[in-house]
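Worksheet: one structure, shown below.
The values are calculated or read from the model by the stated rules, or taken from the named source; none is laboratory data. The model shown is predicted, which means the values in this text are computed figures rather than measured ones. Please note: Cβ atoms are built from the backbone with ideal geometry, for glycine as well, and neighbour counts cover all protein chains shown. Accessible surface areas use protein heavy atoms only, side chains included; no ligands, DNA or RNA. Shrake-Rupley method; radii C 1.70, N 1.55, O 1.52, S 1.80 Å.
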Amino acid sequence: TGAALMLAVAVARIRRSSSTAWLYVAWALAAAAHFGMAFRHPTGRDVAALMDRPREHIEVLGVVAGDAEREVGRRPDETSWIFPVQVEGIQRLGAWQRASGRVRCRWTTRGAEPPPEYGERWRLVGALSALPARTGSGLPLLMLETGSEDSVRLNVGRGSPIMRACLRARRVSARLLAHGIESYPEQAGLLRALMLGYRRELPAELRRDFQATGTAHILAISGTHLAILALLLLALARTAGL
């Protein structure tokens with residue numbers, strides 16, 4: 001909120017020399033907010049803290065918190081989708097309890113069901129596994145394995161309208177990047193990974209090539225990349241007299 005207020009002040013005073021100082025204050029506040037979210041201190045209700053074993057059969061109530069990325073299924077007739085879920089509650093001992101945190105979900109279907117979308121609330125049943133700990137939190141990453149027959153879409157319309165619009169624009173951009181090169185799925189997957197962060201579309205062989213050559217970092221949409229883009233936009237704005 002503070003960053004947004006400082007940015008508004010900078011825009012209002014854009015013709016004055018002090019606008020740059022307000023812009024830097026907004027940047028510092030936004031960076032502090034990002035740092036606080038990335039290195040959060042989890043509570044006792046975090047789903048990772050509630051687990052008794054590294055792998056448990058569990059029922060999760062939560063909201064889809066991002067795009068679903070397609071993944072090749074383990075069988076020829078299967079399709080898997082990977083997406084994050086913001087947890088609201090879990091059931092594992094015969095009773096529901098409130099919970100928080102996020103899990104990664106692998107949702108597998110053998111039919112033509114549409115994948116879960118951002119803002120939908122789901123009840124998901126499956127095996128929840130703990131992966132190596134996340135940087136800064138000390139808690140493990142969690143992967144929930146479930147399927148279309150073990151999940152129920154409860155309602156829609158949750159989440160941020162701004163986030164929903166951004167994800168919709170990302171999907172449109174992904175389709176545009178592949179336009180005209182549909183016969184070259186590897187090249188299209190590489191473009192989507194570099195430009196939009198859809199890394200699961202990369203073939204396994206190509207992913208291993210990036211890892212073997214030490215160049216896998218270019219597939220990450222990182223803060224450094226965003227800073228470079230911001231500097232380019234700043235230079236264009238200055239050229240335009242802003």
Problem set entry | Any hit, segment 85-93, residues being part of a strand (DSSP E or B), touching a Cys at 6+ places or on another chain (Cβ under 8 Å) and under 27 Å from LEU50 (Cβ atoms) | yes
For this session: Give the residues of segment 158-195 that are more than 21 Å from the chain's Cα centre (by Cα) and loosely packed, with under 15 Cβ neighbours inside 10 Å, sorted by residue number.
Result: HIS179, GLY180, ILE181, GLU182, SER183, TYR184, PRO185, GLU186, GLN187
Problem set entry | Filtered residues of segment 138-197 (kept if modelled with pLDDT under 85, more than 30 Å from LEU50 (Cα to Cα) and assigned to a loop (DSSP other than H, G, I, E, B)) | GLU182, GLY197
Exercise. Can you spot a residue in segment 214-234 that is hydrophobic (A, V, I, L, M, F, W, C), open to solvent by 70 Å² or more (accessible area, probe 1.4 Å) and touching a residue at least 40 places away in the same chain (Cβ under 8 Å)?
Worked result: no
Seminar exercise, completed: Within segment 84-105, restricting to residues that are under 18 Å from the mean Cα position of the chain (by Cα) and among the polar types (S, T, N, Q), the one that is surrounded by the most Cβ atoms within 10 Å (Cβ to Cβ) is SER100
For this session: Answer yes or no: is there a residue in segment 67-80 that is at pLDDT 70 or above, of a type in the set (Ser, Thr, Tyr), crowded, with 16+ Cβ neighbours inside 10 Å and not in a loop (DSSP other than H, G, I, E, B).
Result: yes
For this session: Return yes when ARG208 is among the charged types (D, E, K, R) and loosely packed, with under 13 Cβ neighbours inside 10 Å and no when it is not.
Result: yes
